[in-house]
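The values are calculated or read from the model by the stated rules, or taken from the named source; none is laboratory data. These numbers come from a predicted model, not from an experiment. Don't worry about glycine lacking a Cβ; one is built from the backbone with ideal geometry, like all the others, and counts go over all protein chains shown. Calculation scope for accessible area: heavy atoms of the full protein, side chains included, ligands and nucleic acids excluded. Shrake-Rupley method; radii C 1.70, N 1.55, O 1.52, S 1.80 Å.
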Amino acid sequence: MATTTQEFMQQLRSKATELFIREEWNDSIKTYSQFINLCTHHLSLPHSSPLHLQKLRKSLCISFCNRAEAKSRLRDFNSALQDCDHALQIDATHFKTLVCKGKVLLSLNRYSMALHCFKTALLDPQANGNCEFIDGYFEKCKKFEFLSRTGSLDLSDWVLNGFSAKAPELAEFIGAVEIRKSEISGRGIFVTKNIDAGSLILVTKAIAMERSILAGKDLSEDTQLVMWKNFVDKVVDFTRKCHKTRNLICKLSIGENEDSLEVPDVDIFRPESVVEVNSSEDIDVDIDIDMVRLLAILDVNSLTEDAVSANVLRKNHDCYGVGLWLLPSFINHSCCPNARRLHVGDYLIVHASRDLKAGEEITFAYLDPLSPLNKRKEMSVTWGIHCKCKRCKFEGEILLSKQEVKEIEIGIERGTDVGGLVYKLEEMMKRWKIRGKEKGYLRASFWSVYSEAYGSERCMKRWGRRIPALDAVADSITDVVGGDLRVLKILMEELKRKGGGNSSGLVEMEKVFTLAREVYGKVVKKQAMRTLLELCIAD
């Protein structure tokens, strides 16, 4: 190799290293790419000196490693992973590359593969001065791998510390579920074994999220438009960088021809499921994206943090957030939902809000399940939903045949005494022999009347002995719509009024804890749940 070429390559490498040290990631990537191309070309030429060939290979290995680190800082993890693999093809035990690859795999939620990288790196003599650093990553991988395998999530420390630290990083988890054709709409997610109320079903991180601070008021239309544009830009950026994500997003519905859609295997959504990328393919090149289709997918599948089926744990509770989560996009609506979602940072935790039987479809409430049929129908127009659940069918028939229901609705509009309205509804259900779940449907639909009655001391003095006890109504409602924060709040307020110190109070407190697990999921121990419940009352 000519001296001038050697000098030029040395200048390129020095410049790339300087840019890397200054954390000018984009420019360092471009310069390393120039050096890598030139170095690769010269390695393909015949060489007389084995020593010179060895130096070139070493320089190429380091350059791939540094370019991978720079790409990972820009969150271009898949391209960074490819560079790590190129470096390890040159030197399979290169310490710095093994550490870089481990960090990249950890960011991609491939915990067991990351664990292997850090374990191998620890065997290197260079690890001696970095043992604490590598051990930290090693232990983090072990913890995440265990959580991903078992779903044993515990947020107690974070809650008990008053959410003072940043939201904890969670491990992605997919429980005993499968995707199947749904009688509700298109495709749905079904449990493959019996699941207790509060148990985790899914933990998954958003492909992209955008938030705006609420500051106690609704967002303006302009703010919402800016948020949506930023959100779309983030999704587009991510799909350009990750072929697997792009392919998975394309499997989501655009709201048309639901019955003809392919039913994907749930396993392709697991982080360990790796889509191979052709090594000759340049994944840095812009990929053409069908923006019309992508916008339709986002319009149908994006979720907001302030939904009726959701709770937000503290750090972003005063924000309005919109995001895209892949597997939860397959969860259909029901007015008798059996699952809720908990938002922690950019992670979405889906848990059962009542007991589920094997083969049962998981459902969220897109519409408020504690509102009457006519209100739900109004909301369904906005969502483009035509709900055909048993509850909607039953209530539709009741409205057509029972004049008393219409009279109760008129009474609500006119501000009639709520205790009297509850009494009238309960007596009507007795006369018409409405029992079990059907009674729960009507109580849920007229929850606003029940809650106002139970919340009024004056009303309870007059009607308390003639209407059902609060806990009986709460049990009836949660049996059909699962745990709901509003029902939990009124039970807590009732317990607080009674003092809750005697044996009867302890039994009622246990009922509250049971309902709290349906609302928040089994993500905290009892003491931390008490803290959550105190915040629930305070809010």
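Against the conditions (1) in contact (Cβ under 8 Å) with a residue 24 or more places away in the chain; (2) part of a helix (DSSP H, G or I); (3) surrounded by 16 or more Cβ atoms within 10 Å (Cβ to Cβ), SER112 satisfies every one except (3). Applying the selection to the range 471-492, what residues are touching a residue at least 60 places away in the same chain (Cβ under 8 Å), over 20 Å from LYS375 (Cβ atoms) and open to solvent by 40 Å² or more (accessible area, probe 1.4 Å)? Listed by number, the list holds a single entry, ASP479.
So which of LYS229, LYS241, LYS251 ends up being surrounded by fewer than 15 Cβ atoms within 10 Å (Cβ to Cβ) and of a type in the set (Lys, Arg)?
Details: LYS241 fails: surrounded by fewer than 15 Cβ atoms within 10 Å (Cβ to Cβ); LYS251 fails: surrounded by fewer than 15 Cβ atoms within 10 Å (Cβ to Cβ).
Exactly one of LYS229, LYS241, LYS251 is surrounded by fewer than 15 Cβ atoms within 10 Å (Cβ to Cβ) and of a type in the set (Lys, Arg), namely LYS229.
For the range 260-274, the condition of being modelled with pLDDT of 90 or more and in contact with an Asp or Glu (Cβ under 7 Å, 6 or more places away or on another chain) holds for at least one residue. Please verify whether the range 131-138 includes one or more residues that are open to solvent by 70 Å² or more (accessible area, probe 1.4 Å), in a loop (DSSP other than H, G, I, E, B) and either out of contact with any strand residue (DSSP E or B) (no Cβ under 8 Å at 6 or more places or on another chain) or not assigned by TED's automatic domain parsing to the domain that holds VAL524 (or both). No, that holds for no residue.
On the basis of being outside any helix (DSSP H, G or I) and touching a residue at least 40 places away in the same chain (Cβ under 8 Å), does LYS522 make the cut? Yes. Given the structure, is GLU510 over 16 Å from TYR450 (Cα atoms) and free of Cβ contacts under 8 Å to residues at least 12 places away in the same chain? It is true that GLU510 is over 16 Å from TYR450 (Cα atoms) and free of Cβ contacts under 8 Å to residues at least 12 places away in the same chain.
Of the residues CYS61, CYS100, which single one is open to solvent by less than 10 Å² (accessible area, probe 1.4 Å), in contact with an Asp or Glu (Cβ under 9 Å, 6 or more places away or on another chain), in contact (Cβ under 8 Å) with a residue 24 or more places away in the chain and farther than 26 Å from GLU145 by Cβ? Step through it out loud before you land on a result.
Working: CYS100 fails: farther than 26 Å from GLU145 by Cβ.
The conditions single out CYS61.
From the list THR97, THR93, the lone residue that is within 21 Å of PHE64 (Cα to Cα) and part of a loop (DSSP other than H, G, I, E, B) is THR93.
Has the range 162-174 got any residue that is under 24 Å from the mean Cα position of the chain (by Cα), part of a helix (DSSP H, G or I) and crowded, with 18+ Cβ neighbours inside 10 Å? Before you say what the answer is, go through the steps one by one.
The initial filter retains those residues of the range 162-174 that are under 24 Å from the mean Cα position of the chain (by Cα), namely 162-174.
Retained after the next criterion (residues that are part of a helix (DSSP H, G or I)): none.
No, the range 162-174 has no match at all.
Of all residues in the range 82-97, those satisfying the criterion of being open to solvent by 20 Å² or more (accessible area, probe 1.4 Å) and either among the polar types (S, T, N, Q) or closer than 23 Å to LEU12 by Cα (or both) are GLN82, ASP85, HIS86, LEU88, GLN89, ILE90, ASP91, THR93, HIS94, LYS96. Consider LEU51 carefully, then state whether it is within 48 Å of the chain's Cα centre (by Cα) and either free of Cβ contacts under 8 Å to residues at least 12 places away in the same chain or assigned to a helix (DSSP H, G or I) (or both). No, not satisfied. Of all residues assigned to the range 211-219, at least one qualifies as being farther than 30 Å from LEU147 by Cβ, part of a strand (DSSP E or B) and open to solvent by 50 Å² or more (accessible area, probe 1.4 Å). Checking each residue in the range 337-346 for being crowded, with 21+ Cβ neighbours inside 10 Å and not charged (D, E, K, R) picks out PRO337, ASN338, ALA339, LEU342, HIS343, VAL344.
Please specify each residue of the range 15-47 satisfying the condition of being among the polar types (S, T, N, Q) and open to solvent by 60 Å² or more (accessible area, probe 1.4 Å).
If the condition is that a residue be among the polar types (S, T, N, Q) and open to solvent by 60 Å² or more (accessible area, probe 1.4 Å), then ASN26, GLN34, ASN37, THR40, SER44 are the ones that fit.
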